[in-house]
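One structure below.
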Ligand SMILES: [Zn+2]
Ligand SMILES: [Zn+2]
């Protein structure tokens with residue numbers, strides 16, 4: 001009788017763990033989807049400002065905030081000299097900053 005209750009309890013735990021996984025899995029998938037969605041603007045050459053919703057071009061001439069190296073190209077690209085990646089981009093319309101979607105995750 002004791003063994004039977006232990007087995008039932010074990011089965012109950014396994015069932016509970018399975019249920020927790022069933023609940024967790026869609027959440028994990030959703031988080032991954034959100035991260036993918038957040039990184040998606042990087043595939044384009046413009047980013048939408050979080051504050052005023054205007055398009056900020058990511059292609060142009062930029063200066064590295066760490067070493068001051070000037071380059072022409074993609075804003076969130078790694079600096080060729082010091083390897084720094086800009087953590088945010090300032091909107092030239094409203095002045096507010098928008099996070100780098102790659103670091104955001
Ligand atoms: Zn803006
Ligand atoms: Zn640099």
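The values are calculated or read from the model by the stated rules, or taken from the named source; none is laboratory data. Bear in mind the structure is a predicted one, so any value in this text is a computation, not a measurement. Note that we place each Cβ from the backbone using ideal geometry, even for glycine, and neighbour counts take in every protein chain shown.
Counting only residues that are more than 16 Å from ligand 1 (Cβ to nearest atom) and in a loop (DSSP other than H, G, I, E, B), segment 87-105 holds 2 of them.
Looking across segment 82-105, the residues that are modelled with pLDDT under 95 and within 11 Å of ligand 2 (Cβ to nearest atom) come down to 83, 84, 85, 86. Across segment 44-58, the qualifying residues are those that are within 9 Å of ligand 1 (Cβ to nearest atom) and assigned to a loop (DSSP other than H, G, I, E, B), and the one among them that is surrounded by the fewest Cβ atoms within 10 Å (Cβ to Cβ) is 53. Of all residues in segment 66-76, those satisfying the criterion of being part of a loop (DSSP other than H, G, I, E, B) and at pLDDT 90 or above are 66, 67, 68, 69, 75.
With respect to being within 25 Å of residue 33 (Cα to Cα) and at pLDDT 90 or above, residue 54 fits the description.
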